[in-house]
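Heads up, the thing below is written out as C-alpha cells.
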Amino acid sequence: MNNPLVHIENISHRFRAPDQGRFTVLKEIDFHVYKGEYVALIGPSGCGKSTLLNIIAGLEKPSNGKINNNAKETGMVFQNFAIFPWLTVFENIEFGLKMQGMGQAARQKIVEEKIKEVDLIGSEKKYPRELSGGMKQRVGLARALAIRPELLLMDEPFSNLDALTAETLRQDVLKICAKYAMTVIMVTHIIEEAVEMADKIMVFSPRPGQIIEKITVELDHPRDKRSPIFYKLCDKISSLIEK
Amino acid sequence: MARIVHGFTIGKKNYYIPTILFAVIIPIILVIIVGKINEVAIELILHSIVISFLRLLGAYFISLFISITIVSLIGQSKVGDLLIPVFDLLQNLPSFALIPLFVAILHYSDGMAIAFAASSILWPILFYTLHSVKTAPKDLNNAAQIFGARGIKMIIYYYFPLMFPAIVTGSIVGFSIGWEAIIGIEMLGLKSGIGFFLNSILASSQTAFALGIASLLVLVFIINRLVWMPLLKKSELYE
C-alpha cells in the first residue's frame, strides 16, 4: 500500500480543567488513513474524538506522540456549521480561496460550481441567519470542498440536523466523496451513520479515549441499512461501546 | 421598505439623510440668526467646535487602534484571561486623577488633550470588543484558521468583522465619554476648543454660552444620526 495520507502515532493528549485538574482525554492513539479512505471515529461523548480531529487539523498540539498530515489542503465541516454570520453564502464558500490569494474570476468559477454541487442555487446572496440548519451545513460543506481538500475532516456534521435533512445530506456527501475519491475522517456518535458511510471505523473507549477496535466495513455503496450484515456490524459496535 | 433604528425610520430611498440634514440645517440657521442678532461671533464657536472635534477624533482613532490590536493579539489566548482583571482595575481608575501625570509629560497641549481623552475612550471599546471575541464560538475561530486566515488576514477577515458590532456599541459609549474628557480638559487648562470657549464666555454672554451648547448638541446629533445609527443597523448583519 502507498504511504498513508495521515499517520497518527501513539498520540496522547491531556487537558487542564478548572474543576477536574489535569486529565487525559486521549491515550496512545495509533492509526493510519490512506488516500481515498472514509474513516469514522466513534465513541461515547467526551472520549476525545473531536480533540483528535482538531489535532489532525493542526488546531491543537498533542501532549505526546506524532502526527503527520500529508494532505496539501485540509477542509473541515463543523457540527455547529461555523459559517461566518457576516458573510453571504457566496462569500462564505469563497473564504478559503480568498485566503489562498486566488483571483476573483477563478474564485467565482469554483464557488458557482460548489453551489451547484451542494444544491444551493438561488441562495448565493443570503446570510446565514436566513438559512435552515440543512442549508447552513451545505454552505459549510461547500466551503470545505471549494479549497479542493485532499483530506476532509467532519466533526459530527449531521448531528444538528433533523433526521430527514441529515439523511439527504449524508447521501449527498457520499456522492461527492465518491466523485472526488476524497479522503475523509468523520467523527460521529451515531453507529448506523458510521456503518453507512465509512470504510474503516475506529471505536473509542470512554475517557481516556483509546481505540478499542478497528473495524473494516466491506459493504458496497449504497449500503442496505436493513441487511443482516449491516445490523450485525451495528450490534458489534454497540456492544463494544457499552462494554 | 423602511427599517427603524432607535425610533428613526430609515427608508430604502434614503429619505433618512435629507430628513436628518433638514433637521440639522434648521437649528444651524437658527443658531446663526440668533448669533447675528445678538452679535455673537459664530465663527469663533464653530472654530472652537471643530478644534474639539478634531481632538476627539484623534483620541477615538488611537483608542480604536489600540483596542483592536490588543484584542486581536490576546483576545482568545490565556494571556487575555489574565489581563482582564488588570484592565478592569485600570479602567476603574478615575481618568481625571491622571491629569497631573499627562500635564507633567505633555503639558497642556493638543497632544495632552488627545492622550487624556484616549485614556477614557479606550475602555468601553476594549471591553466590548474583548467580550465579543471571548464569547465567540470556538468553531468560528477554528474555521477561520483551517481555511487559511493567518496574521493580518486573520485580523481583517475574522477578528474585525467578529468585533464589528462591539466596536460600534463601544464607540458610541466611548465617543460620549470622549466629549466629556475633551471639554473637561479644555476647561481646565487649554486655550482653545469648545470647552475653553464655554468656560470663558459664560460670565460675559449667556447667549453666546447657550449658542455654544446648541452648536455642540447639533454636532452630537449629526454624528449620532448620520454615523452611529447607520453603523448600528449595519452591525446587525454581523451578529
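The values are calculated or read from the model by the stated rules, or taken from the named source; none is laboratory data. A quick note: this is a predicted structure, and the numbers were derived from the prediction, not measured. No Cβ is skipped: glycine too gets one built from the backbone with ideal geometry, and neighbour counts run over all protein chains shown. In case anyone asks, the SASA skips ligands and DNA or RNA and just uses the protein heavy atoms, side chains included. Shrake-Rupley method; radii C 1.70, N 1.55, O 1.52, S 1.80 Å.
Can you report the number of residues in segment A:107-135 which are of a type in the set (Val, Ile, Thr) and more than 20 Å from the chain's Cα centre (by Cα)?
Taking segment A:107-135 as the starting set, the residues that turn out to be of a type in the set (Val, Ile, Thr) are A:110-111, A:115, A:118, A:121.
Next, from what is left, pick out any that are more than 20 Å from the chain's Cα centre (by Cα): A:110-111, A:121.
The total comes to 3.
Is one or more of the residues making up segment B:98-120 at pLDDT below 90 and open to solvent by less than 70 Å² (accessible area, probe 1.4 Å)? Don't jump to the end; show me each part of the working.
Taking segment B:98-120 first, the residues at pLDDT below 90 are B:98.
Then keep just the ones that are open to solvent by less than 70 Å² (accessible area, probe 1.4 Å); that gives B:98.
Looking for residues that are at pLDDT below 90 and open to solvent by less than 70 Å² (accessible area, probe 1.4 Å), one finds at least one in segment B:98-120, hence yes.
Can you list residue pairs whose Cβ atoms sit under 6 Å apart, with the first residue in segment A:73-97 being facing another protein chain (nearest Cβ under 8 Å) and in a helix (DSSP H, G or I) and the second being open to solvent by less than 20 Å² (accessible area, probe 1.4 Å) and β-branched (Val, Ile, Thr)? Count only pairs 6 or more apart in sequence or on different chains.
Correct list of pairs: A:GLY96/A:ILE147.
Please enumerate the residues belonging to segment B:121-134 that are away from chain A (no Cβ under 14 Å), open to solvent by 20 Å² or more (accessible area, probe 1.4 Å) and among the hydroxyl-bearing types (Ser, Thr, Tyr).
B:TYR128, the sole residue that qualifies.
Could you figure out which of (1) touching an Asp or Glu at 6+ places or on another chain (Cβ under 8 Å); (2) buried (at least 17 other Cβ atoms within 10 Å of the Cβ) isn't true of B:SER192?
Going through (1) touching an Asp or Glu at 6+ places or on another chain (Cβ under 8 Å); (2) buried (at least 17 other Cβ atoms within 10 Å of the Cβ) one by one, B:SER192 breaks only (2).
Looking at A:VAL173, A:VAL217, A:VAL195, A:VAL187 in this structure, which one is in contact with a Cys (Cβ under 6 Å, 6 or more places away or on another chain), within 23 Å of A:LYS35 (Cβ to Cβ) and of a type outside the set (Ser, Thr, Tyr)? First the steps, then the outcome.
Values: A:VAL173 fails: in contact with a Cys (Cβ under 6 Å, 6 or more places away or on another chain); A:VAL217 fails: in contact with a Cys (Cβ under 6 Å, 6 or more places away or on another chain); A:VAL187 fails: in contact with a Cys (Cβ under 6 Å, 6 or more places away or on another chain).
None of the others qualify; the one that does is A:VAL195.
Conditions (1) touching a Gly at 6+ places or on another chain (Cβ under 6 Å); (2) under 15 Å from A:VAL187 (Cα atoms), marked per residue:
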site: A:ASP19; (1), (2): no, no
site: A:THR24; (1), (2): no, no
site: A:PRO44; (1), (2): no, yes
site: A:CYS47; (1), (2): yes, yes
site: A:PRO62; (1), (2): no, no
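Just give me the residues in segment A:205-222 being assigned to a strand (DSSP E or B) and out of contact with any Asp or Glu (no Cβ under 8 Å at 6 or more places or on another chain), in sequence order.
Taking segment A:205-222 first, the residues assigned to a strand (DSSP E or B) are A:209, A:211-216.
Residues satisfying the conditions are A:GLY209, A:ILE212, A:GLU213, A:LYS214, A:ILE215.
So for segment A:143-157 (the condition being open to solvent by 60 Å² or more (accessible area, probe 1.4 Å) and more than 14 Å from chain B (Cβ to nearest Cβ)), does at least one residue qualify? So that I can check it myself, show each step before the final result.
Taking segment A:143-157 first, the residues open to solvent by 60 Å² or more (accessible area, probe 1.4 Å) are A:148.
If we keep only those that are more than 14 Å from chain B (Cβ to nearest Cβ) as well, we get none.
No, that holds for no residue.
Contact list please: Cβ distance under 8 Å, first residue in segment B:53-69 and farther than 21 Å from B:PHE221 by Cα, second residue among the polar types (S, T, N, Q) and open to solvent by less than 50 Å² (accessible area, probe 1.4 Å), pairs at least six apart or on different chains.
B:LEU64/B:SER171; B:SER67/B:THR129; B:ILE68/B:THR129
Within the group B:ILE156, B:ILE172, B:ILE167, which residue is within 14 Å of another protein chain (Cβ to nearest Cβ), farther than 14 Å from B:ILE51 by Cα and at pLDDT 95 or above? Please lay out each step first, then the result.
Working: B:ILE156 fails: at pLDDT 95 or above; B:ILE172 fails: within 14 Å of another protein chain (Cβ to nearest Cβ).
The conditions single out B:ILE167.
Provide a single number: the residues in segment A:11-69 that are assigned to a strand (DSSP E or B), under 30 Å from A:ASP220 (Cα atoms), of a type in the set (A, V, I, L, M, F, W, C) and out of contact with any helix residue (DSSP H, G or I) (no Cβ under 6 Å at 6 or more places or on another chain).
Let us first name the residues in segment A:11-69 that are assigned to a strand (DSSP E or B), namely A:11-17, A:21-33, A:38-42, A:64-69.
Filter once more, so that each one left must be under 30 Å from A:ASP220 (Cα atoms): A:29-33, A:38-42, A:68-69.
The next check asks that each one be of a type in the set (A, V, I, L, M, F, W, C); those that pass are A:29, A:31, A:33, A:39-42.
With the extra rule that they be out of contact with any helix residue (DSSP H, G or I) (no Cβ under 6 Å at 6 or more places or on another chain), the set shrinks to A:29, A:31, A:33, A:39.
Residues that pass the stated criteria total 4.
I need the full set of residues from segment B:135-151 which are open to solvent by 20 Å² or more (accessible area, probe 1.4 Å) and either away from chain A (no Cβ under 12 Å) or over 22 Å from A:ALA146 (Cβ atoms) (or both), in order please. Don't jump to the end; show me each part of the working.
First, pick out the residues of segment B:135-151 that are open to solvent by 20 Å² or more (accessible area, probe 1.4 Å): B:135, B:137-139, B:145-146, B:148, B:150-151.
B:THR135, B:LYS138 - these are the residues of segment B:135-151 that are open to solvent by 20 Å² or more (accessible area, probe 1.4 Å) and either away from chain A (no Cβ under 12 Å) or over 22 Å from A:ALA146 (Cβ atoms) (or both).
Which one is modelled with the highest pLDDT among residues in segment A:1-10 that are in a loop (DSSP other than H, G, I, E, B) and exposed (fewer than 15 other Cβ atoms within 10 Å of the Cβ)?
Within segment A:1-10, the first condition is being in a loop (DSSP other than H, G, I, E, B), and the residues that meet it are A:1-5.
Narrowing the set further to residues that are exposed (fewer than 15 other Cβ atoms within 10 Å of the Cβ) leaves A:1-3.
Numbers: A:MET1: 57, A:ASN2: 73, A:ASN3: 84.
Among residues in segment A:1-10 that are in a loop (DSSP other than H, G, I, E, B) and exposed (fewer than 15 other Cβ atoms within 10 Å of the Cβ), the one modelled with the highest pLDDT is A:ASN3.
I'd like to verify a number: residues in segment A:30-45 that are surrounded by 22 or more Cβ atoms within 10 Å (Cβ to Cβ) and at pLDDT below 95, how many?
1
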